[in-house]
1. Using a ≥ b ≥ c from the Cα gyration tensor of the stretch C:58-358 (square roots of the eigenvalues), is it rounded, prolate or oblate, where a/c under 1.5 gives rounded and otherwise the larger of a/b and b/c decides, a/b for prolate?
2. Can you tell me the order of C:312-319, A:145-152, B:10-17, C:10-17 when each peptide is scored by its average per-residue count of other Cβ atoms within 10 angstrom, highest first?
3. Let me know the shape class of the stretch C:121-162, please: from the alpha-carbon gyration tensor, a ≥ b ≥ c as square roots of the eigenvalues, rounded when a/c is under 1.5, otherwise prolate if a/b is greater than b/c, or oblate.
4. For C:LYS65, list the aspartates and glutamates whose Cα falls under 17 Å from its own Cα; do not include residues on the same chain fewer than 8 positions away.
5. Could you state the angle between the C-alpha long axis of helix B:173-184 and the longest principal axis of the C-alpha atoms of chain B, as a value from 0 to 90 degrees rounded to the nearest 10?
6. Return the lysines within reach of C:LYS301: Cα separation strictly under 30 angstrom, same-chain partners fewer than 8 residues apart disregarded; answer none if there are no such residues.
7. Which helices, counted as full DSSP H runs in chain A, have an axial Cα extent of no less than 20 Å and a Kyte-Doolittle average of 1.0 or above?
8. Starting from the Cα gyration tensor of the protein assembly as shown, take the square roots of the eigenvalues, sort them a ≥ b ≥ c, and report rounded, prolate or oblate (rounded when a/c is under 1.5, otherwise prolate if a/b is larger than b/c, else oblate).
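Read-outs: derived from the displayed coordinates by stated rules, not from any lab. These figures come from a predicted structure and were not determined experimentally. Note that each Cβ is placed from the backbone with ideal geometry, even for glycine, and that neighbours are counted across all protein chains shown.
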Amino acid sequence: MNPSISFFYFLSFLTVFSALMVVVAKNPIHSVLYLILTFFTLSGHYILLNAQFLAAVNIIVYAGAIMVLFLFVIMFLNMKQDEVETKANLTKIAGTIVGGTVFVILFGAYRKTAIPAFDPQSYQSQVGMIESLGHLLFKDYLLPFELISILLLVAMIGAVMLGKREIGERHF
Amino acid sequence: MQLTNRSKQVSNKEMTFMERAYLPAIATGLGITIKHFFAKKVTIEYPEVKRYLGPVFRGRHILKRDADGKERCTACGLCAVACPAEAISMVAAEREKGEENLYREEKYAAVYEVNMLRCIFCGLCEEACPKQAVYLRHDEFVPVFTDRDQVIWGKDLLVEDMNNRYTREAWTKEEAKALDDKRANGEVTNVTPRPVP
Amino acid sequence: MELTEFTIKSITIVAVFALTLVIAMYSTWAERKVAGFIQDRRGPNRAGWGGLLQPMADAGKMFFKEDFIPALANKWLFIAGPSLAMLTALLASAVIPFGSTFRFNGVEVPLQGVESNIGILYVFGVVALGVYGIMIGGWASNNKFSLLGAIRAASQNISYEIAMGLSLIAVLMMSSSLSLGEIVSQQHGGNWNIFYQPLGFIIFLTCSFAECNRVPFDLPECETELVGGYHTEYGSMKLGFYLFAEYINMFISSAIISTLYFGGYNYPGMDWVYNQLTSAMGTATGHNIATLIGTAVFFGKALFFVFFYMWVRWTIPRFRYDQLMNLGWKKLIPLAIINIILTAAGILFLKPIITQILN
C-alpha cells in the first residue's frame, strides 16, 4: 500500500479512537488530554492535505492555548472519584440521542456533497499554503474577514467588561 | 539619636520615567554582575592550597611532653571540668617504679580521650591546665573522619612525638603582630601539616 | 537519489538532535560555572579539567537515584509529564537553520533539519505545547504545591505567548515570509532585524524568558512559596528530564533569537570572506569552509544568549505573581501592538521614501 495512504488510515484510526475516548473517559483530565490528541491527529490530516498553515494554527490556537485553558479550569475542580458515577441514565440517553442525531446529519450532508475525483491536471499543491490563503482572505473574502475581526474585538471588549472590578467589589 | 553617619534618608517620591522603565536599572545590574564575573576569585582551593592560619589559631589537641620526653599530664581533670562541650574524659593511674622517665609526676593519665565531634575548639582546656600539658595546635586541623572509630582520639594520637616537637610561634597579639611584620619582610614560615597517623 | 536524500536528511536530523543535547548538557555545566563566577566563586572544577565532566557525573547520579512514584499519583501521567517536556523541547530544533549549505559531489546539503515554509509557526506551536509537560506532571503528582506550580506555568505561558506572537508579527511583516531560512537570508549583509525592531526584540526576549520559566519569571518553581513547584514530587531521571528540558528550551530560544534578530549565520564581511575562500580553495572546499565559519558565528550568537540567560538569572530577583501578570498584559502586549503599528507605518510610508533616496 502507498505509505501516505496507510499513514492516513493509521491517523484516522487514532483520530476516531481518541475522539471516542474523549466521550468515554471517566476522568475529565483524561478526557481533555484525549481531546488534545484529537487536535494533533487532525493537524496530521491537515499536513497530509498539504495545508501546513492550518495545521500549525490548529496546534497553536487549539492545542496550545484553548486546551491549556480547559486543563487549567478542570485542574481547579476538586473531583472525587465517586461523584463522577452519579450521572442519571436519562442524561446518558439524551446525550446518545443528541450525538447520534449530529452524526446522522453529518453523514447525510456528506452523502449529498459531490467530491470531485483526483485530477492531476487541475490539482494545485499550493492551495493550502499560507500565500494562497492570504490572497484568498484579503481579496475574495475581505468583508467576512473584517467582520470576524470586529466580532472578535467585541468579544474582547465584553471579556474586559466582565472581568473589570466594579466599585466596591473585592475579589481577594 | 544618630549612632552612625551611614544612615540614609528614605523618601517615597514618585519614580521618574527612566526609573519606571526598568530597563536602565536592569542594565546597571547586569553591569555589576559582569564586573564580578571577571573579578579575581577569592576562593582558596583547600586541599591543594592551604591558608596560613595565624599563630594563635586553635586546631587539634596535643599532649605535651617536657624536655626529657616525660608526659606532663597528671590527670587532674581540670581540663575536663573546664570543657563546655564535655569532650574530654580520662582515667588516672599511679606511676609504677621504673616509669619515671615516662611520666613527670606520680600520677598520670592512663587514658586521655577527646571526642572530636563534641569539641568546639574553644581553648578552655589549654587555659585550665596547671601543668602546661594540653595545647591546641595552631598549625593542624582535625582531619576529616571517614569512620566512627576516628572520632574519639586517644593518647596514641594526642601525645607529642619527640622527633617532631610542637612549638608555637607566638603567644600574644603583640608577638603575632611582630611575626606578621617579619613575614611581610619575606621571612615566611609556611605551614606544612604533619599527616595524622 | 531518493535514498541519498533520505540518508542526508536523517544524518542532519540526528546531528541537530545530538548537538542540541550536547549543548543543553554543557549548559548545565556553564550555568554553574557562570553562577560561580558571578558570585566570586570558581564553580565546579573537580570532575575533569575545569569541571568539564560534571554533566556526566550529574547524569550518573540522576540515573542511580531511586525512581519514585508517589502512591496516590496518576502513574501514567506522572511519567508522561517529563517525557512530554523533553519531547516538546527537542522538537523545535528541527527547523532552525544552523548554517547555509554544504557541497558534496555537487549535492547541496542545507544545515537545517527541515526547511518548512511555516518554520516560525512550527516553532511557535511547539513552544505553545511546552507547557503541557509541566501541567500534566504537576497535576499527576497529586500534590498541592505541584498543582499550583503547574497552574502558574500554564497561565504564565499563555499570557506571554500573546506578546511573543505579536512581537513576532512585526518581524514577519518585514520579511513577508514564515520560513526561518528565508528570514535569515534576508538579513544578509548586516541587514539585521535588531536594527529595525529594537522594541520587538526586547519584548521577544522578555517573553522567551517567561516561556522558558527562567529567572526572573520562574514562578512555577518558586521555592519560597511552592517548595519545588511542579517538580516537587519528582526525583531521579524524571526530575533530570525536567531540568534538561529547561536547558534545551534555553538553547532553542537563544537560537531563535539569533535567527530572527541577529542574522543567524550572517556576519559582517561575509561576502569578502566567501570570495577569498572560494578563490583560494576552489568552489566546493571554499564554500564548505565559509559555511563552517557561518555556523560557528551562529553558535557564537546563540551561546551568547544562553550566557545572557544565566547572566540575567544571577542579576534580577524573581517577580511577584501580580507583577508578572501586569508586565505581561498591561505593558508588553500594548507595546507589541504599538510596535506592529509602527512597523506597518514604516513599511507603508518610510520604506518608499528611503528607497527613493537611495536610488
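1. Taking the square roots of the gyration eigenvalues as a ≥ b ≥ c, the stretch C:58-358 is oblate.
2. Details: C:312-319: 17.5, A:145-152: 10.8, B:10-17: 6.1, C:10-17: 14.1.
For the peptides C:312-319, A:145-152, B:10-17, C:10-17, the packing ranking is C:312-319, C:10-17, A:145-152, B:10-17.
3. Numbers: a/c = 5.63, a/b = 1.97, b/c = 2.85.
Oblate, since a/c reaches 1.5 and b/c is not below a/b.
4. Excluding near neighbours in sequence, the set is C:GLU233.
5. The helix B:173-184 is inclined about 70 degrees to chain B.
6. B:LYS35, B:LYS40, B:LYS41, C:LYS9, C:LYS33, C:LYS331, C:LYS351
7. Working: long enough: A:3-24 (31 Å, 1.98); A:28-48 (30 Å, 1.35); A:89-112 (34 Å, 0.92); A:142-163 (31 Å, 2.36).
Qualifying helices, which must be both long enough and hydrophobic enough, are A:3-24, A:28-48, A:142-163.
8. prolate
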